[in-house]
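Reviewing the structure listed below.
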Amino acid sequence: AEVRPTVLGRLRASLDDVLVRDAVLLLVVPCDEDLPDRVVAGDVGADVGDALRALVDPSGGVPPDVETCRAVGGVLARVAAHTTGGRHAPSLTLLAVLAWWSGDGARAAVLLERALEAEPAYRLARLVEEAVVAGMPPGWLARGRV
C-alpha cells in the first residue's frame, strides 16, 4: 500500500520519541498485543524485557516473522528515504535491529554506520553496534551455539 509523504514525515517525527520508537520495535517481536500501546503510554515494565528476550536470549529467542518484518521494515525504509536533515538515526537503527535479528549482521552494520553518522550519540544504535561488532548473534541463532 502506498504511504503518503506527509504520513512518512509524521512517522519520522514520531520516532524521535523513544517510547514510540520502542513500541515500533515491539510491533515485530512476539508479545502481548497491547504492549506497544502500553509502552507509548509510559508503561515500560517487566513485560518489555520479557518481549525483548525473544531477540537476544539463546534459551528463548525466536526467529523473526518474515512477513511482519518485511511490512514494518518496508515502512521504516520509506521513512528513512524521505528523511532529511540528518534525522535518520531512529529509522535506520530500527532497520538495523531487524537486519541483525534476521541474521544479516553485515546489513545491520551498514545501517548502524549510517545511523551513527546522522547522530553519533544515538544510544540504541550504539548498543546494537556493540552487539554487531562483538559478533553476538540473535538469540534464535545463538541457541545452536550454546
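The values are calculated or read from the model by the stated rules, or taken from the named source; none is laboratory data. Computed from a predicted structure; not experimentally measured. A quick note on method: Cβ atoms are made from the backbone with ideal geometry, for glycine too, and the neighbour counts reach across all protein chains shown. What goes into the accessible areas is simple: the full protein's heavy atoms, side chains included, and nothing from ligands, DNA or RNA. Shrake-Rupley method; radii C 1.70, N 1.55, O 1.52, S 1.80 Å.
Need the failing condition index for residue 12 against (1) open to solvent by 50 Å² or more (accessible area, probe 1.4 Å); (2) of a type in the set (Lys, Arg); (3) more than 24 Å from residue 136 (Cα to Cα), just the number.
(1)
Just a yes or no: is a residue in segment 59-71 within 11 Å of the chain's Cα centre (by Cα) and touching a residue at least 40 places away in the same chain (Cβ under 8 Å)?
yes
Return only the number of the condition from (1) closer than 29 Å to residue 33 by Cβ; (2) touching a residue at least 60 places away in the same chain (Cβ under 8 Å); (3) not aromatic (Phe, Trp, Tyr) that residue 92 does not satisfy.
Going through (1) closer than 29 Å to residue 33 by Cβ; (2) touching a residue at least 60 places away in the same chain (Cβ under 8 Å); (3) not aromatic (Phe, Trp, Tyr) one by one, residue 92 breaks only (2).
Which residue, of 64, 5, 36, is more than 27 Å from residue 133 (Cβ to Cβ) and in contact with a Leu (Cβ under 8 Å, 6 or more places away or on another chain)?
Result of the check over 64, 5, 36: 36.
Pick from 105, 139, 135: which is under 21 Å from residue 54 (Cα atoms), in contact with an Asp or Glu (Cβ under 8 Å, 6 or more places away or on another chain) and touching a residue at least 24 places away in the same chain (Cβ under 8 Å)?
139
How many of the residues in segment 15-25 are assigned to a loop (DSSP other than H, G, I, E, B) and open to solvent by less than 20 Å² (accessible area, probe 1.4 Å)?
1
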